[in-house]
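Below you'll find the structure, written out as structure tokens, and then a few comments.
Computed from the coordinates by the stated procedures, all read-outs in this text should not be read as laboratory data. Please read these numbers as outputs of a predicted model, since none were measured by experiment. Neighbour counts run over all protein chains shown; Cβ positions are idealised from the backbone, glycine included.
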Amino acid sequence: MAETSPETPLKKTPLNALERELGGKMVDFGGWDLPVQFSGILEEHQAVRTRAGLFDVSHMGEVFVRGRQATELLQKLTCNDVSKLEDGRCQYNGLLYPTGGFVDDILIYRNAPDDYLIVVNAANAEKDYEWIADSAKGLEVFVENRSADFAQLALQGPEAEGILQPLTDLDPASIRYYRFARGRVDGVEAIVSRTGYTGEDGFEIYVAPEEAPRLFRRLLEAGSEAGLLPCGLGARDTLRLEAKMALYGNDIDHTTTPLEADLGSIVKLDKGEFFGRDVLVREKAEGVARKLVGFEMVDRGIARHGYPAVDGSEEIGVVTSGTHSPTLGRPIGLAYLPPDRSEPGSEFTILIRGRETRARVVPTPFYKRARH
Amino acid sequence: MEPRENRYARSHEYVHLDDDVAIVGITNYAQKELGDVVFVELPQVGTTLEAGDELGSIESVKAVSELFAPLSGEVIEVNEVLADKPDLVNSDPYGDGWMIKVRISDPSELDQLMTVKDYEDYIKSES
């Protein structure tokens, strides 16, 4: 059970010392020293679903794309329609290779018509920056990797708005879903977006790294009466999986297309030419070779990332994510399966450490919050 | 602190010996490392184990870990309560969170296991 010590020193977020002080159980997460949990994954998960949780997601990367041809560049590199964005709005999008596979899945914030902030996965930040910068050559676009200039806190859960409200000169209630605003949080300059990776209401707050520890403490204090807990990567994973939000490196990567990953809602084929479009057009016409589906276990056991789905001796697919769902109280997961076996109700076999274990395709998401 | 009278395996199972019956579970250190336990897979009564055999697995929310037999012998009882209350492994690893009882076949194997002092030194070297 011991973590193997890495060759290179782990990267630390500005909250590292505070997280240790708060009793975080630290793990190596893609080269970052981050807390997997504080009080326990189940308790933290429950706090976010019913009250609120506070996450350090400072490892995420921030890339700025600016200039007269910024929109043109982003339209070429992504599958969603960037022209639909307005100032102060965010968009979930796929950064695609010409093969249709994901460079990364990203959030695009439009500051102004020629000024975008792109929030990228930690492990991909350098790769994404280089990909975007290389593609920008010859265009009137300035690309800048400013990941080191930002810490990011995610305040998630039904109590998030009430906790944030007294601390900011912004009106959190007026920031609607997938919108953002600039203002001050506890006196500190911040970008505040109503976004998250938990399937719950909440905010993501970007501040200068040196301000992060004080703000993290302040939010914990402000939220203590409402039941706010510091949360780690473990709860982040169970929360996002219940909401069927894809995890790069698990559910999607350079070999998977957005249509295979059941992310058709971010594929806008009519927006004009973009990398991977011809592949997606063909997939749309002829069907995908495999499809990402949600499943529950029929037999006992938890299927984890990488376990094969089989039909007799034939491997028909693979589990990409799997865990115990704290909300449902039973194991859930995501897997790539052939399309003709991907209908809800369809049963299939997963090899759990060599043992044949039955699972059943179910509709997703596994959890959807009640909206008012 | 782990109980003094038990013996410990490098794979973090404990053995509480009562005459020729070994009660086996995972240590307090191990349950803390695993986090919330949600599923425990144990062998059937009557299974014969050799020391070092994989006897089952334990799933926490974040990961799965194999369980290994610290001693050879026959499984004479399995803690059925864990099927419904796997969290007992977290809340009471040495009490209600025990896993199996084994009638041991070779008492000399006990010498291969660590004393509490050795185990605590071993944990320190691991963390």
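Table for the structure above
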item	result
Charge dipole magnitude, Cβ of K and R +1, D and E -1 - chain B, Cα centre, debye nearest 20	300 debye
Charge context of A:Asn145, other residues only, Cβ under 11 angstrom, K/R +1, D/E -1	-4
Relative contact order [Cα under 8 Å, 6+ residues apart], segment B:29-127, whole percent	26 percent
Cubic angstrom per residue, convex hull over Cα atoms of segment A:250-310	110 Å³
Segment A:171-194 versus segment A:257-296: alpha-carbon centroid distance in Å	33 Å
Hydrodynamic radius of segment A:234-372 per Kirkwood, over alpha carbon pairs, in Å	15.6 Å
Mean ellipticity per residue at 222 nm, deg cm²/dmol - from DSSP H runs of n ≥ 4 across the protein assembly as shown, formula -39500 (n - 2.57)	-5000 deg cm²/dmol
Overall Cα dimensions of chain A, principal axis frame, Å, largest first	61, 51, 49
Largest-first principal axis extents of the Cα set of segment A:25-177 (Å)	51, 37, 28
Per residue convex hull volume, Cα atoms of segment B:4-74, in Å³	85 Å³
Too-long pairs where the Cα-Cα distance tops 19 Å, listed order kept, from A:Lys244/B:Lys62; A:Lys11/A:Lys127; A:Lys368/B:Lys62; A:Lys84/A:Lys268; B:Lys62/B:Lys117; A:Lys76/A:Lys127	A:Lys368/B:Lys62; B:Lys62/B:Lys117
Shielding by partners, peptide B:60-70 (average Cβ within 10 angstrom, other chains)	5
Test item: Cα-centred dipole of segment A:1-104, Lys/Arg +1 and Asp/Glu -1 on Cβ, debye	300 debye
Shielding by partners, peptide A:95-106 (average Cβ within 10 angstrom, other chains)	0
Averaged over B:36-42, number of beta-carbon atoms from partner chains that fall within 10 Å	5
Dipole of the protein assembly as shown, positive end: most advanced residue of B:Met99, B:Gly56, A:Ile205 [Cβ charges, Cα centre]	A:Ile205
Average projection area in nm² (convex hull over Cα atoms of chain B, one quarter of hull surface)	6.9 nm²
